[in-house]
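Step one of this worksheet: look at the structure below.
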Amino acid sequence: MIGLIVLCAFLYGSYKTNPDAASFRAFIRPPNSNSTTDSLTNFFASLVNAHTMPEFKRDDYIFFSIVSLADNTETYLGLWGQWFLLSKLQLIGGGKGASAEENELQLFESVGEAEKALAVKAKLKRDLGVVCGFLSAYDSKRISADTICSFDIDASAASHYNEAAEQFLQAGVALDAAQCYEDAYKAYQQAKQTEKAVKTLEKAASLYESHDTQMSRAANVYVKLAEQYKKDNSTSKDLDKAVAMYKKAADLYGIEGDGRHFFTVISQADLLAEIGQYEDAIKLYDNIILFAIGDSMLNFNVKTHIFNQLLCYAGLDDWVGLEKKAVEMEATYPTFAESRECQLIKTLIQAKNAFDSSAYSTACKDYDQRSTLPSWQINILLKGKRSLESEDLR
């Protein structure tokens, strides 16, 4: 409730102090302080300045204003009675000592800044729409329909961010381009254009990765991509690509000595197990288990990693390897020997060796009543049951 009161107070203050066109004219053409005593001089000065005053367009967003000069060289934000420069486009040409190539690069960068300013402007309009939509529930009658957010505004912002990134790339300013691609991803997400969002995020990750100082940032983006590829309701769902993104992230975190490397490898191994790439998952779990056992801060979840690895052996229908690994893990990590997971594995091995499908089914049912198994583990256990039943028939 306090937060709502503060928000309303802030917006009311913003509304009351939203600067108008006259205040911008005063801002862009400040009075000559040396002429205050000479009204006649002031009069002629105003006539001269009237011809030099740049043309501009002011967009009123109720709580703030955006002014763009007619030649698109500058964009300003008006808020709480003040004007702030959002972007400035440097005009190219005529610079002493500047080569044609340097001028061209500067042009690309300037156009990039201009596109970025347009994207920010669209985003501000979208954010205002969200606020307006919220306040409309409190009978805010001064809100016009064109301020309400829409997918079109988000798509417009995304398009401008994307174009800004392309211009920054032409100018050789790769990190600015990467940031714009990342901003475009967010805007495309808001516009529900998932495929375009993923493509721009991939470009951002690649650009960050190309800079030695941005490895962890690139890894963060690759993790975000992996999560995007994992989403069930996403048109871009691709679990193989998700695995590849986790691997890239883990490698980059490893280069930086970032502690997130370990957890990203776990995500990679779990996903490999889920999609049936059991051999690759087993190899990763070996490293995960070895590292976790030796770290007091990480060994709390070792039994889960061991259980997942042992089920991967079952997924390969390698019950000899499974039994051998289970004995090894009991000796290496005694806490696992006392767990319900270990008891399940031992019971399954005994049932398999005795060709007892009934004991196998009972063990799975008893475990599932107290612990919910993910679908990939259930599929492995069902596969083992069917295999055992077919052996019974023979």
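What follows is calculated from the coordinates using simple rules that are stated; it is not laboratory data. The structure displayed is predicted, hence computed values, not measured ones. Here Cβ is always computed from backbone atoms with ideal geometry, including for glycine, and neighbour counts include all displayed protein chains.
For this structure, a couple of remarks:
- Remark: the range 292-394 carries a charge dipole of roughly 180 debye about the Cα centre, counting +1 on each Lys and Arg Cβ and -1 on each Asp and Glu Cβ.
- Normalised by the number of residues in the range 292-394, the average gap of Cα pairs under 8 Å and 6 or more apart makes the relative contact order 25 percent.
- Sparsely packed loop sites in the range 165-260 (the trypsin sites (Lys or Arg not before Pro) outside DSSP H, G, I, E and B with at most 14 other Cβ atoms within 10 Å) comprise LYS192, LYS231, LYS237.
- Sequence of SER296, SER358, SER234 once ranked by neighbouring C-beta atoms within 10 Å, starting from the fewest: SER296, SER358, SER234
- Spacing of the two label points (7 Å from each Cα toward its C-beta) at ASP317 and ASP366, in nm: 2.8
- What the phi angles of the range 176-186 give under the Karplus curve with 6.51, -1.76 and 1.60, with θ = phi - 60°, is a coupling list of 5, 5, 4, 5, 5, 4, 5, 5, 5, 4, 4 Hz, glycine and proline written as x.
- Entries in LYS237/LYS283; LYS241/LYS346; LYS196/LYS248 that, when Cα-Cα distance is taken, lie over 23 Å: LYS237/LYS283; LYS241/LYS346
- Net lengthening on full extension, LYS283/HIS211 (0.36 nm per residue, minus Cα-Cα): 22.9 nm
- Whether the range 190-296 is rounded, prolate or oblate, judged on the alpha carbon gyration tensor where a/c under 1.5 counts as rounded: oblate
- Counting only Cβ charges, +1 for Lys and Arg and -1 for Asp and Glu, the dipole size of the range 158-269 around its Cα centre is about 400 debye.
- GluC sites (Glu not before Pro) lying in DSSP loop within the range 299-379, provided at most 12 other Cβ fall within 10 Å: GLU338
- Ordering MET215, MET297, MET329 by the number of other Cβ atoms within 10 Å of each residue's own Cβ, fewest first, gives MET297, MET215, MET329.
- The residue list SER267, THR372, LEU311 was ranked by how far each Cα lies along the charge dipole of the range 263-376 toward its positive end, using unit charges on Cβ atoms, and THR372 comes out on top.
- Using 0.36 nm per residue and subtracting the Cα-Cα separation, the extra length available between SER375 and LYS346 on full extension is 8.3 nm.
- Karplus 3J(HN,Hα) series, Hz, for the range 345-351 with 6.51 cos²θ - 1.76 cosθ + 1.60 (x for Gly, Pro): 4, 5, 5, 5, 4, 4, 5
- Assigned charges on the beta-carbon of Lys, Arg, Asp, Glu; the range 253-348 dipole about Cα centre (debye): 220
- The relative contact order of the range 204-329 comes to 15 percent, based on Cα pairs under 8 Å that sit 6 or more residues apart.
- One decimal place: the segment PHE263-ARG386 gains 40.9 nm when fully extended, by the rule 0.36 nm per residue minus the C-alpha distance.
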